[in-house]
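Written below as structure tokens is the structure these notes are about.
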């Protein structure tokens, strides 16, 4: 058996720090995840938001939130390579009971097409 090598794929604005909302002040937010991220219902649809939350840090201060059943993605334009290993690392958390109720489910994936986007449980 050979060793599978990791193949890096760069995301643009992976920590949501530099999209059209720019550098927000504490408590600031917007619904525009463009130009780097696409959303189920398009730009400024209202089901997704980016917010500066002080003390809730994974990588940077800006975080994304989404309504139930909503999803976002980024087309990297990079084809998967055969016999390579890909790894996805995400920083996740529950904001509070009002925004992250019991039973909240999140899905994180690396896909090679849009075929499985928005699947239902």
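The values are calculated or read from the model by the stated rules, or taken from the named source; none is laboratory data. As the structure is a prediction and not an experimental result, all values here were calculated from the model. Cβ coordinates were reconstructed from backbone atoms using ideal geometry, including for glycine residues, and neighbour counts include every protein chain displayed.
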Scanning segment 70-90 residue by residue, the ones that are closer than 23 Å to residue 47 by Cβ and surrounded by 12 or more Cβ atoms within 10 Å (Cβ to Cβ) total 5
Pair list, Cβ under 6 Å, 6 or more apart: segment 1-25 residue on the phi < 0 side of the Ramachandran plot and surrounded by 14 or more Cβ atoms within 10 Å (Cβ to Cβ), other residue modelled with pLDDT under 80 and assigned to a loop (DSSP other than H, G, I, E, B):
15/59; 15/60; 17/60
Does segment 102-118 include one or more residues that are over 21 Å from residue 12 (Cβ atoms) and not in a loop (DSSP other than H, G, I, E, B)?
no
Looking at this structure, is residue 81 out of contact with any strand residue (DSSP E or B) (no Cβ under 6 Å at 6 or more places or on another chain) and either farther than 20 Å from residue 30 by Cα or not in a loop (DSSP other than H, G, I, E, B) (or both)?
yes
Can you tell me which residues in segment 46-69 are surrounded by 15 or more Cβ atoms within 10 Å (Cβ to Cβ), modelled with pLDDT of 85 or more and assigned to a loop (DSSP other than H, G, I, E, B)?
47
